[in-house]
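S.K.: To start, I am sharing the structure in question, which I have written as structure tokens.
The values are calculated or read from the model by the stated rules, or taken from the named source; none is laboratory data. Just so it is clear, the structure is predicted and the values come from calculations on it, not from any experiment. Don't worry about glycine lacking a Cβ; one is built from the backbone with ideal geometry, like all the others, and counts go over all protein chains shown. The accessibility values were calculated without ligands, DNA or RNA, using every heavy atom of the protein model including side chains. Shrake-Rupley method; radii C 1.70, N 1.55, O 1.52, S 1.80 Å.
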Amino acid sequence: MLQIKLTAPYTFESADVEKPRAAQGQVVLRVHSIGICGSDIQMFHGRHKYMTYPVVIGHEVSAVVAETGAGVTDFAVGDKVTVEPQIFCGECYPCRTGRFNVCESLKVMGVHKDGFCREYVAVDASYLHHCPTDMKDELIALVEPLAVGVGAVKRGGEYKGANIAVVGAGTIGNCVAQAAQALGAGKVLIADVSAPKLEFAKQCGIEYCADTTKVSLSDAIQDAFGSRKADIIIDAAGVPASLSSILTAARRSSVVVVTGNFKEPFSLEVPVIQRQEISIVGHMMYVREDFADAIRFIDSGAVKADGLITQRFPITKNDPAAELKSAFDFIDAHPEKVIKAIVTL
Ligand SMILES: [Zn+2]
Ligand SMILES: [Zn+2]
């Protein structure tokens, strides 16, 4: 079977390896597609801090059960599934209190361990989630990024009926804003400096879209939400300028959720945080219920997952490593055109 590894920056190598068998408690999956994520691009560039080469990338997966091992009762051959790619210890304090996403020894498949860029994978059945049989295969690969969005909104606390502003309209920002609407937020605004990304957001049905090259975040929030302003502001941009504009736009007692991937430390206006009782909370990935919500929202159409897929790259057996590399090269060259690229195997 085909397997593609990222062996060094900008270098994929394909190999014909033996198909795995399902051990006790495991299933073997036939991978249909994987979504390409910002963290995959970082690994491709050699700029991901917490991984080592070689690795099979891919953590946003759509698959079908191909074999079940002894003791597996919840899944059968032919079931459509996705995989929650977090490997956690189950014993540290965060794990014992249900926050597996911040396990002290968290490993993520496709980042710290081999992921899904291969035809067949054996995984523990406990990592799987059932998906409806009529759900489009490629949409199943969007469950993982949408689960990040669900997790980010929930970290904001009282999200039902809240005015929620999201800064950054890339894949995660779009998923956060759509998740906020699906979870029952009051009004939702998304802001970005990229007109094409805001256009995608509009097409996905996000109520208020603000171009922050034309209007400040503060004014955009005031225009959309009025004097109540934003109860929750979620940073999905991950750059110092976005977080400082959020602190300027925050109301007294706003909650600020940081889900964007900041690369370096930087200074913040702490007196504003203190005097205005702004709560800043970090957010990382998702827990199991967030995954289940994401499946439900895509299935019901509450989230327009179709609108997120901007490119499809089928990998053939002709020259799989080169084909995958050209997909990554395309994403690199056209950041404005890409929300979510899907690779099919
Ligand atoms: Zn991802
Ligand atoms: Zn743990």
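S.K.: Give me the accessible area per residue for the chain, probe 1.4 Å, as a whole number in Å². It would help to have the intermediate numbers written out before the result.
M.R.: Working: 14750 Å² over 345 residues.
Accessible area per residue, the chain: 43 Å².
S.K.: Using only Cα atoms, find the angle between the long axis of helix 320-333 and the longest principal axis of the chain, and express it within 0 to 90 degrees, rounded to the nearest 10.
M.R.: So the helix axis and the longest Cα principal axis differ by about 10 degrees.
S.K.: Per the 1.4 Å probe, what fraction of the accessible area of the chain, in percent, lies on carbon and sulfur atoms? All intermediate terms of the calculation are to be shown ahead of the outcome.
M.R.: Numbers: 7520 of 14750 Å².
So the carbon and sulfur contribution to the accessible surface is 51 percent.
S.K.: Still on this model: Kirkwood Rh and Cα-based Rg: tell me the resulting Rg over Rh for the range 178-257, rounded to two decimals.
M.R.: Numbers: Rg = 11.8 Å, Rh = 12.8 Å.
Expressed as Rg/Rh, it is 0.92.
S.K.: Using +1 at the Cβ of each Lys and Arg and -1 at the Cβ of each Asp and Glu in the range 84-236, identify which of 209, 129, 117 lies farthest towards the dipole's positive end.
M.R.: It is 209, whose Cα lies furthest towards the positive end.
S.K.: Can you grab the distance from the C-alpha centre of the range 289-321 to the C-alpha centre of the range 41-108, Å, no decimals?
M.R.: 17
S.K.: Nearest 500 deg cm²/dmol is fine: what mean residue ellipticity at 222 nm does the chain get from its DSSP H runs of n ≥ 4 alone, each adding -39,500 (n - 2.57), divided by its residue count? Could you put the intermediate results ahead of the total?
M.R.: Values: 11 runs with 101 residues, N = 345.
Calculated from helices alone, the mean residue ellipticity at 222 nm is -8500 deg cm²/dmol.
S.K.: Moving on. Among all lysine pairs in the range 1-158 that are eight or more places apart or on different chains, how many have alpha carbons less than 21 angstrom apart?
M.R.: Lysine pairs meeting the criterion: 9.
S.K.: In a shell of Cβ-Cβ distance under 10 Å around residue 167, excluding residue 167 itself, what net charge do Lys and Arg (+1) and Asp and Glu (-1) give? Please list the in-between numbers first.
M.R.: On the way: positive: none; negative: 192, 235.
Residues near residue 167 contribute -2 overall.
S.K.: To the nearest 20 debye, what charge dipole does the chain have about its Cα centre, counting +1 at the Cβ of each Lys and Arg and -1 at the Cβ of each Asp and Glu?
M.R.: Details: 34 positive and 40 negative charges, 124 e Å.
In total the dipole reaches around 600 debye.
S.K.: If one puts a single equal scatterer on every Cα of the chain and applies the Debye formula without solvent, what log₁₀ I(q)/I(0) results at q = 0.15 Å⁻¹?
M.R.: Each listed q corresponds, in turn, to -1.28.
S.K.: Which longest uninterrupted range of the chain lacks any trypsin sites (Lys or Arg not before Pro) assigned by DSSP to a loop state (not H, G, I, E or B) and surrounded by at most 14 other Cβ atoms within 10 Å?
M.R.: Working: sites that count: 21, 47, 49, 99, 160, 214, 252, 263, 317, 337.
Segment 100-159 is the longest.
S.K.: Can you order the peptides 53-62, 10-19 by their average number of other Cβ atoms within 10 Å per residue, highest first? Before the final figure, lay out each step's value.
M.R.: Numbers: 53-62: 23.2, 10-19: 13.8.
The peptides rank, most packed first, as 53-62, 10-19.
S.K.: When only Cα pairs under 8 Å and 6 or more residues apart are kept, what is the percent relative contact order across the range 2-95? Could you put the intermediate results ahead of the total?
M.R.: Values: 148 pairs, mean separation 28.2, N = 94.
It comes to 30 percent, rounded to a whole number.
S.K.: Skipping prolines and chain starts, which residues have an amide H placed within reach, meaning under 5 Å, of the one on residue 281, given they are 5 or more residues away or on another chain?
M.R.: 256, 257, 258
S.K.: Oh, and also: Within the range 255-288, list the chymotrypsin sites (Phe, Trp or Tyr not before Pro) lying in a DSSP loop whose Cβ has at most 12 other Cβ atoms in a 10 Å radius.
M.R.: 266
S.K.: Sticking with this structure for a sec: Can you compute the charge dipole magnitude of the range 60-163 about its Cα centre, using +1 on each Lys and Arg Cβ and -1 on each Asp and Glu Cβ, nothing else charged? Give it in debye, rounded to the nearest 20. Intermediate values should be presented prior to the final figure.
M.R.: Details: 10 positive and 15 negative charges, 98 e Å.
In debye, rounded to 20, the range 60-163 gives about 480.
S.K.: Could I ask something else about it? Write down the Kirkwood hydrodynamic radius of the range 6-59, to one decimal in angstroms, obtained as one divided by the mean of 1/r over all alpha carbon pairs. Let's see the in-between values first.
M.R.: Values: mean 1/r = 0.0766 Å⁻¹.
Taking every pair of different Cα atoms in the range 6-59, averaging 1/r and inverting gives 13.1 Å.
S.K.: Using alpha-carbon pairs under 8 Å, 6+ residues apart, how would you state the relative contact order of the chain in percent? Could you put the intermediate results ahead of the total?
M.R.: Details: 788 pairs, mean separation 61.6, N = 345.
Computed value for the chain: 18 percent relative contact order.
S.K.: Net charge within 15 Å of residue 119 by Cβ-Cβ distance, Lys/Arg positive one each and Asp/Glu negative one each, not counting residue 119 itself?
M.R.: Values: positive: 5, 19, 21, 30, 118, 317; negative: 16, 18, 67, 114, 137, 323.
Neighbour charge sum, excluding residue 119 itself: 0.
S.K.: In debye, nearest 20: dipole of the range 185-294 around its Cα centre with unit charges on the Cβ of K, R (+) and D, E (-)? Spell out each step's value before the answer.
M.R.: Working: 11 positive and 14 negative charges, 46 e Å.
So the magnitude is around 220 debye.
S.K.: DSSP loop (so not H, G, I, E, B), at most 15 other Cβ within 10 Å: list which GluC sites (Glu not before Pro) in the range 271-345 pass both filters. Write out the running numbers ahead of the final one.
M.R.: Working: sites: 277, 289, 323, 336; in loops: 277, 336.
Answer in residue order: 277, 336.
S.K.: So, one more: If the cut-off is 18 Å between C-alpha atoms, which lysines fall inside it for residue 197, apart from same-chain ones fewer than 8 positions away?
M.R.: 214, 304, 337, 340
S.K.: Something else about it: Counting only C-alpha contacts under 8 Å and six or more residues apart, can you give the relative contact order of the range 185-283 as a whole percent?
M.R.: 21
S.K.: How many angstrom lie between the C-alpha centres of the range 1-33 and the range 116-147?
M.R.: That distance is 15 Å.
S.K.: Give me, ordered by chain and number, the residues 5 or more places off residue 190 or on other chains with an amide H under 5 Å from its own placed amide H.
M.R.: Result for residue 190 returns 166, 208, 209, 210.
S.K.: Something else about it: Rounding to the nearest 10 and keeping the result within 0 to 90°, find how far the Cα-based axis of helix 171-182 lies from the longest principal axis of the chain.
M.R.: 70
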